[in-house]
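The values are calculated or read from the model by the stated rules, or taken from the named source; none is laboratory data. Please read all numbers here as calculations on a predicted model, not as lab measurements. Please note: Cβ atoms are built from the backbone with ideal geometry, for glycine as well, and neighbour counts cover all protein chains shown. These accessible areas exclude ligands, DNA and RNA; they are computed on the full protein's heavy atoms, side chains included. Shrake-Rupley method; radii C 1.70, N 1.55, O 1.52, S 1.80 Å.
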Amino acid sequence: MDTPMSSTIADHADGTPMEKAPPIEVNEFENLYEMAVAQFERAADLTELKPSLRAILSEPKNELIVNFPVRMDTGETIMARGYRIQHNNILGCYKGGLRFSPHVHLDEVKALAAWMTWKCALADLPFGGAKGGLQIDPAQLSPVELERVTRRFTHALGSNIGPDYDIPAPDMGTNAQTMVWMMDTYMNTIAYASKNVSRHVVTGKTVASGGSVGRDEATGRGTIYNVASWATENDVDLSGCKFAVQGYGNVGSFAARILQDEYGATLVAAQDHTGSITNPQGIEANDLADHVSANGGVGGYGKAEAEDPDEFWKTDCDIMIPAALEWQLTSTNAPQLKCRLVAEGANGPTTMAADRILQENGIDIIPDILANAGGVIVSFFEWTQNRRGETWYLDEVRHKLKRRIADAYDRVQRTRRHYGCTTREATSIAALDRVAQAYDERGIFP
Ligand code: NAD
């Protein structure tokens with residue numbers, strides 16, 4: 001007999017989470033999607049976008065919610081809820097990550113899907129935007145339960161994903177192993193007739209199962225290539241810079257290690273869900289990554305001082321890299337920042353009120369859809385390699401990534417100068433231009 005859901009899985013019929021997301025300010029928006037739409041509207045105003053296109057791009061094309069049973073190790077069965085939002089596909093297949101978190105809800109996934117449309121357009125990729133989410137806490141599940149829930153979710157999505165239709169990738173709470181389970185499930189159910197040529201149904205896989213070298217580091221590396229472009233533009237010597245990172249998972253830990261190892265900058269503070277640590281003399285980024293792998297977070301790291309989480313944002317540093325969650329920089333903590341640059345490794349880490357404060361205080365921002373585009377760029381490389389039956393070398397992947405990031409960064413700066421607008425507005429405009437041009441050329445069917 002089925003038993004009710006475990007406390008790790010939310011069950012509200014309207015898609016709102018049972019547990020509240022981490023503390024955020026009461027800002028001008030009810031939810032993340034409203035903020036994503038407001039950012040889009042601003043770009044639409046500045047470019048005088050046609051009303052018809054404004055209407056089309058204000059809503060996702062498809063919103064899928066699936067509820068499915070999962071057997072737990074105890075023998076009980078719980079119901080899980082998953083989302084897949086397909087925002088737009090004018091430029092190509094839907095593309096976007098899959099987030100496993102107890103806080104995932106519909107509006108958040110809609111916002112993340114819309115940002116994927118703009119991110120892919122900005123990076124000049126032949127992809128549209130999508131995002132998925134599953135309301136579970138992966139840390140509370142055993143590996144076998146995680147595999148079962150992933151496979152069952154993939155089965156529930158069925159032909160709503162596909163290598164030439166909608167291609168998931170890792171995001172918060174998911175990783176290369178998650179993608180391999182998805183690929184295997186898809187190949188054994190939906191794509192059984194074309195098994196051997198369907199590996200590109202997901203990207204971000206392990207290299208052994210068809211992933212690309214360099215995909216694991218790609219998002220953090222892309223963030224740092226952007227930081228390097230900013231440093232060149234502003235005549236900043238990164239080897240003399242101090243930086244702080246919020247989130248020491250995939251994006252944050254690779255960004256920190258690359259900024260330290262390849263550009264000589266010094267990590268002086270880090271924060272994640274387990275605590276905040278600081279050492280003005282420097283924290284060795286690789287050593288911290290080893291500690292996080294062994295202990296699940298930065299908390300308890302012996303070669304730095306533990307500090308109050310609120311103190312983290314006051315860190316005396318040149319570069320701040322939020323690489324955890326949305327809405328972390330608020331009107332409360334934004335005035336406390338002492339850095340010169342915020343490089344948004346995470347999606348939507350800055351509220352619009354905080355954004356205005358950073359601008360007023362002369363702090364530069366590399367916005368999320370530019371700063372974290374490296375992940376989807378190398379996902380595109382993986383998809384291309386799978387389709388062509390090729391495997392590329394790491395130096396080739398890094399070189400191509402660097403070039404695409406530099407191109408996108410330059411396009412944003414040119415747009416900013418042209419419109420006399422903020423970098424965030426320029427980033428949205430540069431992306432919107434691509435999408436609008438495609439609609440102009442193709443028209444509306446029929
Ligand atoms: P991850 O699961 O590997 O790491 C998430 C990190 O956030 C962890 O260090 C965790 O401790 C920290 N965190 C969670 N709750 C926190 C809290 N309340 N306060 C402080 N820290 C907290 O996830 P990831 O893949 O590194 O993703 C991080 C961000 O980057 C997300 O916004 C994601 O959407 C974005 N992003 C990821 C990719 C990718 O390729 N993985 C690509 C583009 C954007």
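Quick notes on this one:
- Cross-link pairs exceeding 20 Å in C-alpha to C-alpha distance, out of Lys61/Lys400; Lys110/Lys400; Lys50/Lys131; Lys61/Lys95; Lys50/Lys95, comprise Lys61/Lys400; Lys110/Lys400; Lys50/Lys131; Lys50/Lys95.
- Computed over neighbours whose Cβ is under 9 Å from that of Leu125, the net charge equals +2, Lys and Arg +1, Asp and Glu -1.
- Rg over Rh, two decimals, the chain (C-alpha only, Kirkwood Rh): 0.95
- Placing unit charges on each Cβ (+1 for Lys and Arg, -1 for Asp and Glu) gives the stretch 61-209 a dipole about its Cα centre, and among Gly92, Pro143, Trp115 the Cα reaching farthest toward its positive end belongs to Gly92.
- Projecting the Cα atoms of Gln336, Thr384, Pro349 onto the charge dipole of the chain (Cβ charges, centred on the Cα centre) puts Thr384 farthest toward the positive pole.
- Which of Met187, Met179 is most accessible, then next, and so on - probe 1.4 Å: Met187, Met179
- Annotation: per residue accessible area for the chain equals 41 Å², rounded to a whole number [probe 1.4 Å, protein chains only].
- Under a Gaussian network description of the chain, with springs only between Cα atoms under 10 Å, the residue in Ala334, Ala323, Ala431 that fluctuates furthest is Ala334.
- Taking amide H positions as modeled 1.01 Å from N, with prolines and chain starts lacking one, the residues under 5 Å from Asn88 and 5 or more places away or on another chain are Lys61, Gly129.
- Note on the chain: with charges restricted to the Cβ of Lys and Arg (+1) and Asp and Glu (-1), its dipole about the Cα centre is near 1540 debye.
- Computed about the Cα centre, the dipole magnitude for the stretch 60-196 is approximately 220 debye when only Lys and Arg (+1) and Asp and Glu (-1) carry charge, each at its Cβ.
- Rounded to the nearest 5, the antiparallel percentage of DSSP beta bridges internal to the chain is 50%.
- Once divided by 2.2 N^0.38 Å, the Cα radius of gyration of the stretch 151-300 becomes 1.27.
- Distance from the alpha carbon centroid of the stretch 133-200 to that of the stretch 339-400 works out to 24 angstrom.
- For the chain, calculated [θ]222 nm from helices alone, where every DSSP H run of n ≥ 4 adds -39500 (n - 2.57): -13000 deg cm²/dmol
- Over all distinct Cα-Cα pairs of the stretch 61-209, the Kirkwood formula returns a hydrodynamic radius of 15.2 Å.
- Dipole of the chain [Lys/Arg +1, Asp/Glu -1 at C-beta], most positive-end residue of His273, Thr185, Thr232: Thr185
- Those lysines that a straight Cα-Cα span of less than 21 Å connects to Lys314, excepting residues fewer than 8 apart in one chain: Lys242, Lys303, Lys338
- Nearest-20 debye value, the stretch 218-371 charge dipole, Cβ charges on Lys, Arg, Asp, Glu: 80 debye
- Highest mobility in the GNM of the chain, judged by mean-square fluctuation with C-alpha springs under 10 Å and restricted to Ser159, Ser194, Ser276, is found for Ser194.
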